[in-house]
Each structure stands twice: as C-alpha cells, then as structure tokens.
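Below is one structure; the comments refer to it alone.
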Amino acid sequence: MTVGLEHYLVVGGLLFAIGLYLALAKRNAIGILMGIELMLNAVNLTLVAFSRFIVAPRPIDGQVFAVFVITVAAAEAAVALALVVAIYRHRQTIDMNRINLLRW
Amino acid sequence: MTPPGPLAPWYDFRDLSNAVERLLSWLSDIGPDWLVYVVSAVIGGTAIFLFVAATAVANIWVERRVVARIQVRRGPNRAGPWGLLQPIADMTKLMQKEALLPRAGDPVVFLLAPILAFGPALLVWGVFPFGKGMTFVDLNVGVLYIIAVTSVTTIVLFMAGWSSNNKYSLLGAIRVIAMLLSYEVPLVLALLGVVLFAGTMSLSGIVAWQHDMRIWLFLVQPLAFVIYFICATAEINRTPTDIAEAESEIVAGYHTEYSGIQFGLFYAVELVNAMALGAIAATLFFGGWWLFGLDRWIPGWMIFIGKVYLIYFLLIWLRGTLPRLRIDQLMAFAWKFLLPLALVNIMVGALEVLLWVEYDLSAGLVLPVFSVVNLSLAVLLVVGWMRFMAFPFHRLPSRARLVHDIPVVAPGAPAGGAA
Amino acid sequence: MDEPGVVAAFWVLTVTAVGSAVMVAAVRNLLHAVLFLVLSFVGVAGLYITLSADFVAVVQVLIYAGAIAVLMLFAIMLTPRAARDNADGIFWAPALVLAGLMATTIGLIATRTEWAVSDRGPFSQTASAIGEALLDPFVLPFEVASVVLVAAMIGAIVIVREE
C-alpha cells in the first residue's frame with residue numbers, strides 16, 4: 001500500500017481530537033496543558049505533511065512554519081507552567097473546577 | 001554506502017565496510033531490496049552494540065586502574081593478571097545481588113528507568129564515522145541528533161529519582177536536571193561554532209572538511225572545544241560535576257535505591273557516555289579517523305578508537321585530580337561564565353567565516369591566521385572573563401550614607417569618659 | 001511512498017503516537033500521563049522522519065521531549081499538594097462528543113478533498129533550506145520569535161518569583 005497525504009492528515013486529525021478532549025475534559029491544569037501541546041503537535045504534523053506533498057512554489061515553508069510553532073509552543077508552555085505554579089501558591093490547588101470564579 | 005567501483009578484497013580490514021559491501025552486493029543479486037536493508041541494519045546495529053558493550057566492560061578496568069595510579073595507589077590487581085578479570089568480577093557481583101524494588105514507589109517506572117537510560121547512550125553511537133566509509137547512519141543533521149538524543153536523558157533521570165519514593169533521590173534528580181538543562185545551552189552554542197566552519201551538520205562531512213583543509217577543528221575553534229568538554233562533562237555527571245550522584249553526596253542521588261544489575265546498568269551508562277563524549281570530541285575537533293595521512297598505514301577505525309581513548313584518559317585525569325563543585329557554583333559557572341564565552345565564540349567565528357567567504361580567500365592563507373587569532377582570543381577571554389567575574393564587587397566602597405551617631409566607650413577608659 | 005519499510009514505519013509510529021495520546025487521557029496517574037505524552041512526542045518525531053523532515057524531527061525531540069516535558073515534570077514537582085490522579089472534570093461527556101465530531105470532520109475533509117499532490121520526491125537537505133528561508137523571506141518572524149522567547153523567559157521568572 002502507499003502512504004499518502006491523507007494518511008498523515010487523518011493522523012493529525014486524530015491527535016488534534018485527542019488533544020481537544022484533554023484540553024476540555026481534564027481537571028488538572030497540567031492535563032489541560034498536555035492537551036494544548038498535543039494539539040500543537042497535530043498542527044505541526046499536518047504542516048510538515050503538506051510541505052512534503054503539496055504543489056508549492058517554495059515547499060520548505062511548511063517546515064519553517066512548523067519550527068516557528070515549536071518555538072512559540074515552548075514559550076507558551078513556560079509561561080503557562082509559571083502561572084500554574086503561581087496559582088498553586090495562592091490557592092493550594094490546581095484543580096480547574098475550583099479556580100473557576102474570579103474572586104473566590 | 002560508498003558508490004560501486006572496483007571493490008577492495010573483503011579481507012582488507014583497513015575499511016571494515018569492504019566485507020559488508022561484498023555480502024550486501026551478493027544479497028542484492030539474490031534477494032529483494034528490503035532484505036538488503038534489513039541485513040545491513042542488523043549487521044551495523046550488532047557491531048555497534050558489541051563495540052559499546054566491549055568498551056563498557058573494558059572501561060571498568062581502565063577507569064579504576066588509571067584513577068588509582070593518579071591517586072598514587074595500585075588499583076585492582078587481584079582478580080587476574082594485572083586485575084584484568086576485575087570487570088567480570090564486578091559484573092558477577094552486581095548480577096547476583098538482589099535487585100530491590102520499592103513497593104510504595106512506582107515499580108514500572110522504577111524498572112524502566114535504567115533500561116531507558118541505556119537508550120540514548122547507545123543511540124548516539126550510530127552516527128559516528130569510524131572509518132572512511134564506516135558510518136552506520138550518515139544523518140544530515142548528525143550534530144543536532146547527538147544533542148537531541150542526549151537531552152532525553154533528563155526525563156529518564158527524573159523517572160529514576162521520582163519513582164524511588166525517596167526525598168533524597170528526588171532532590172538529587174531535581175539538581176541533576178537543573179544542571180543538565182543549564183549546561184545544554186553553552187554545549188549547543190559551542191558545537192554551533194564547529195558547524196559554522198565546516199558548513200555541514202553531518203559528522204562524516206565535518207571529518208571530510210578537516211581532511212580537505214588538512215587542519216584539526218580544535219586548532220580553528222579551541223574555545224569551542226574547551227566549552228564543549230566542560231559542558232559534556234557536566235552532561236554525563238562526571239567529577240568534578242557529579243554533585244547529583246556521587247557516593248559521598250546526597251546518598252548517591254537519583255540512583256540511591258537501585259541495587260544489583262539496575263545499578264550496574266547506570267554505571268555502564270556512565271562509562272558509555274564518557275566514551276561517547278570522547279567520540280564526539282574526536283570526530284568534531286580532532287579529525288575522527290583522519291590523522292594527517294597516517295590512515296594510509298593504520299586503519300582509520302584504530303586511529304578513531306585511539307583518539308577516543310586519549311580523550312577518555314583526559315576525563316579520568318580530571319576525575320582523579322579535581323574536587324567536586326557545589327551545585328550553585330556549577331549553575332553560576334554555566335550561566336555566567338560559559339554562556340557569554342560561547343556567544344562571543346560564535347560571533348567571532350561567524351565574522352571569520354563571513355570574511356573568508358566574502359573575499360574569497362584561500363584556505364591555506366586564512367586558516368592559520370584564524371587559528372592564531374582564535375587561540376589567543378580563547379586564552380584572553382578565559383583569563384579576562386575569569387578575572388572580571390572573580391572581582392570582589394561587594395568590597396568596592398559604596399557611596400556615603402548617614403548613619404546614627406553611636407556613643408562608643410573605648411576599652412580601658414574611665415566609665416563615662418569622653419569618646 | 002510505497003516502500004515496505006516506510007509503510008511499516010508509518011504504521012508503527014502512528015500506533016505509538018495515537019496510542020500514547022489515548023493513554024495520556026486514560027491513565028490514572030499524572031506522572032504516567034506525562035511520560036506517555038513524551039512517547040507521543042517521540043512518535044510524532046518519527047513521523048516527521050518518514051516525511052524526510054529530519055531537521056524538524058530532531059528539533060521536536062530536542063525541544064518537546066527534552067525541554068517542555070521537563071517543564072511539566074517540574075511543575076508537577078513544585079505543586080506537591082495538588083491532586084495527581086489525572087481525573088476528568090465535569091465536562092468530559094461533551095468534550096468526548098466534540099472531540100469525536102472534530103476527528104470525523106477532519107477525517108472526512110482529509111479524505112474527500114482533491115489535494116494538489118506533487119511528485120517532487122523527498123527533500124534532500126532540509127537544514128540548509130530552512131536556514132536560508134529563515135534569513136531571507138522569514139527574517140522578520142525570526143527576529144520577533146527571539147523577542148517572544150526573551151519575553152516569555154522574563155515573564156515566567158517574574159511570575160514564579162517569591163516575594
């Protein structure tokens with residue numbers, strides 16, 4: 001059998017869906033962050049798959065975009081985890097069901 | 001694989017790929033394509049695994065004897081002639097000890113950690129050019145692959161420290177991860193200086209560059225070698241930077257709870273990592289299998305292994321002579337000393353490459369000039385930055401401030417006497 | 001791409017990546033979930049290699065498995081009294097439905113569109129091509145990315161600093 005563009009897109013779609021479930025359904029803040037990282041991974045996979053398979057004037061652009069997404073994901077993970085630790089210091093919990101009111 | 005041509009006889013062991021090529025060309029005549037691929041992968045993988053295992057076993061003896069000689073004592077000499085059977089004695093002892101499993105911790109992760117620690121140590125050996133045509137996988141991004149594979153070690157060490165259910169293990173694991181992450185940054189920058197000059201990230205390409213220019217990259221980028229050596233010593237947790245796992249500190253850190261063959265695996269990983277450091281330095285900075293034309297008489301892989309052992313001797317020398325640094329001293333050293341030096345090294349290197357390419361100068365003229373400039377710059381920078389960082393800033397006089405007038409009674413003066 | 005090796009590698013890596021992602025959601029221990037996430041990252045890096053994107057694959061392992069996962073582990077370690085049981089919140093059922101809808105939609109779009117597939121073949125030198133692209137057409141995002149990273153570093157340090 002041949003592995004073509006559709007296979008990679010379906011894999012990317014599955015990873016994105018699982019990441020979406022994690023981001024919406026998990027109680028722990030770090031669980032939600034894991035979902036976000038999975039979604040970014042799925043997007044990167046589709047970008048690189050397009051860069052490999054699609055007619056384009058400059059096909060390397062997909063991989064350049066993927067490198068930028070990895071960079072921004074690293075920056076965002078650092079800030080998000082810093083926020084998680086800071087919230088823990090105030091509330092002694094990172095349970096999203098308890099940190100859902102603006103004042104208390 | 002080298003392109004087809006008149007094949008050397010299969011027994012020409014100066015290039016060990018001759019026999020393999022004969023076998024593979026015979027196979028490709030009789031079998032499908034994927035069989036050739038699988039057989040070559042199996043042969044290469046087995047050869048590398050056997051080499052790594054043999055050096056891990058031999059290095060137990062080498063390390064203990066050389067450290068002992070540096071410390072003015074004999075080292076193991078009972079287990080065979082000159083103690084040569086000591087590694088077998090060590091391995092037998094470790095294998096027959098009970099491999100404890102803390103039940104309250106995390107047994108699966110605890111068992112997986114030493115096995116996974118061996119993964120990066122073994123994977124990194126696949127990209128080295130042992131000889132002229134003898135690279136297992138000649139990746140286009142070889143240098144970056146080495147850095148990426150060794151950075152996975154951080155997760156494995158955290159697994160080991162966490163699953164032991166022991167707060168000293170966890171503390172040792174936290175320290176070692178902080179140290180590994182801090183030392184990765186100057187390491188990458190130092191290797192980037194090498195890639196700047198060679199123009200390629202593939203290891204056989206870098207050796208070919210050194211072969212074509214008839215110069216060692218150590219002469220062109222001495223500061224990069226020094227920074228790489230120090231950072232890699234910290235990455236593999238060897239003295240003087242083994243604060244996290246030394247026997248007299250924090251009760252052996254992340255491998256406190258490991259006994260028996262699991263501890264043997266961690267010990268073997270440390271030895272294999274030290275050899276990998278030697279192999280990376282030998283390939284990138286000292287020419288790999290090429291030694292100014294000597295590889296016409298001596299097989300290239302022997303020269304390579306000799307260089308690896310010379311650098312390993314340097315590592316053992318450091319272990320025997322230097323005291324251990326504290327964790328805060330180590331972090332300060334990485335961020336405040338090595339990182340600025342690595343950045344300056346890259347800037348100067350990029351400037352030199354730019355001048356070389358823009359004005360189309362010949363390599364024979366330009367490389368000795370660069371060597372002299374870089375060597376003197378390395379010495380100047382190291383000494384100068386060291387002096388600057390060691391300057392006691394806190395003892396400089398500060399500006400005048402108003403303090404309260406305190407009545408002072410001089411000792412021996414009559415009570416209530418004027419000051 | 002129809003060599004049997006590439007096809008076999010694709011299927012093994014897909015099962016690794018997607019299976020580990022499912023285990024991240026299903027496992028009952030937060031630390032095990034992070035370890036499965038690392039396995040998923042490595043699986044995706046392998047998929048990049050089958051797409052002949054070697055530079056992106058190595059950068060993925062270096063940054064995701066080597067740095068972001070360590071960040072998550074540090075965050076778990078610095079929050080000792082938080083619950084570590086990887087429990088689901090109150091919206092798990094709608095989230096499941098939404099994720100299923102999303103997967104179905106993307107799958108149908110992916111398989112039913114006439115993509116303009118080219119027969120270029122695999123890349124030969126991605127690192128130098130990415131480097132040239134970063135310095136000629138994409139130099140502005142490159143510089144802005146460095147500013148973003150510095151801002152994120154300083155921001156993270158300031159947020160976590162104890163008074």
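The values are calculated or read from the model by the stated rules, or taken from the named source; none is laboratory data. Keep in mind it's a predicted model, so treat the numbers as computed, not measured. Cβ sites come from the backbone with ideal geometry, for glycine too, and all protein chains shown count toward neighbours.
A compact table of results
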read-out: C:PHE74, sole failed condition from (1) in contact (Cβ under 8 Å) with a residue 60 or more places away in the chain; (2) surrounded by fewer than 18 Cβ atoms within 10 Å (Cβ to Cβ); (3) among the hydrophobic types (A, V, I, L, M, F, W, C); value: (1)
read-out: The one condition in (1) more than 24 Å from B:VAL308 (Cα to Cα); (2) surrounded by 18 or more Cβ atoms within 10 Å (Cβ to Cβ); (3) at pLDDT 90 or above that B:VAL66 fails to fulfil; value: (1)
read-out: Residue within region B:315-325 that is assigned to a helix (DSSP H, G or I), basic (Lys, Arg) and farther than 20 Å from B:PHE128 by Cα present; value: yes
read-out: Residue match in region C:108-121 (condition: surrounded by 12 or more Cβ atoms within 10 Å (Cβ to Cβ), out of contact with any Leu (no Cβ under 8 Å at 6 or more places or on another chain), within 7 Å of another protein chain (Cβ to nearest Cβ) and closer than 15 Å to A:ASP61 by Cβ); value: yes
read-out: Scan of region C:67-78 for residues that are over 12 Å from the mean Cα position of the chain (by Cα) and either away from chain B (no Cβ under 14 Å) or not in a loop (DSSP other than H, G, I, E, B) (or both), ordered by number; value: C:ALA67, C:VAL70, C:LEU71, C:MET72, C:LEU73, C:PHE74, C:ALA75, C:ILE76, C:MET77
read-out: Among residues of region C:28-82, those that are in contact with an Asp or Glu (Cβ under 9 Å, 6 or more places away or on another chain) and among the aromatic types (Phe, Trp, Tyr), counted; value: 3
read-out: Number of the exception - B:ILE60 against (1) within 23 Å of B:TRP289 (Cα to Cα); (2) in a helix (DSSP H, G or I); value: (1)
read-out: Evaluation of B:VAL366 against (1) exposed (fewer than 15 other Cβ atoms within 10 Å of the Cβ); (2) assigned to a helix (DSSP H, G or I) (one fails), failing number; value: (1)
read-out: Candidates B:LEU100, B:LEU24, filtered to the one that is at pLDDT below 85, surrounded by 15 or more Cβ atoms within 10 Å (Cβ to Cβ) and over 28 Å from the mean Cα position of the chain (by Cα); value: B:LEU24
read-out: Residue check for C:VAL58: over 27 Å from B:SER164 (Cα atoms), surrounded by 17 or more Cβ atoms within 10 Å (Cβ to Cβ) and under 14 Å from the mean Cα position of the chain (by Cα); value: yes
read-out: Helices (runs of 4 or more DSSP H) lying entirely in chain A (those with 3 or more residues that are surrounded by fewer than 19 Cβ atoms within 10 Å (Cβ to Cβ), without any contact (Cβ under 8 Å) to a residue 24 or more places away in the chain and more than 7 Å from chain C (Cβ to nearest Cβ)); value: A:61-91
read-out: Exclusive hit being in contact with a Pro (Cβ under 8 Å, 6 or more places away or on another chain) and within 26 Å of B:LEU94 (Cα to Cα), set B:PHE266, B:PHE313; value: B:PHE266
read-out: Any pair with Cβ under 8 angstrom, 6 or more apart, that starts in region C:12-37 at a residue that is under 13 Å from A:GLY31 (Cβ atoms) and ends at one that is among the hydroxyl-bearing types (Ser, Thr, Tyr) and crowded, with 22+ Cβ neighbours inside 10 Å; value: C:ALA21/C:SER40; C:VAL24/C:SER40; C:ALA25/A:TYR21; C:PHE36/C:SER20; C:LEU37/C:SER20
read-out: Lone qualifier among C:ALA103, C:ALA127, C:ALA93 - being without any contact (Cβ under 8 Å) to a residue 40 or more places away in the chain and within 7 Å of another protein chain (Cβ to nearest Cβ); value: C:ALA103
read-out: Candidates B:ALA117, B:ALA47, B:ALA56, B:ALA89 - the one that is among the small types (Gly, Ala, Ser), surrounded by fewer than 17 Cβ atoms within 10 Å (Cβ to Cβ), at pLDDT 90 or above and under 27 Å from the mean Cα position of the chain (by Cα); value: B:ALA47
read-out: Given (1) within 15 Å of A:LEU22 (Cβ to Cβ); (2) crowded, with 17+ Cβ neighbours inside 10 Å, index of the condition C:ALA26 fails; value: (2)
read-out: Extreme residue, surrounded by the fewest Cβ atoms within 10 Å (Cβ to Cβ), among residues of region B:245-288 that are among the polar types (S, T, N, Q) and modelled with pLDDT under 90; value: B:SER248
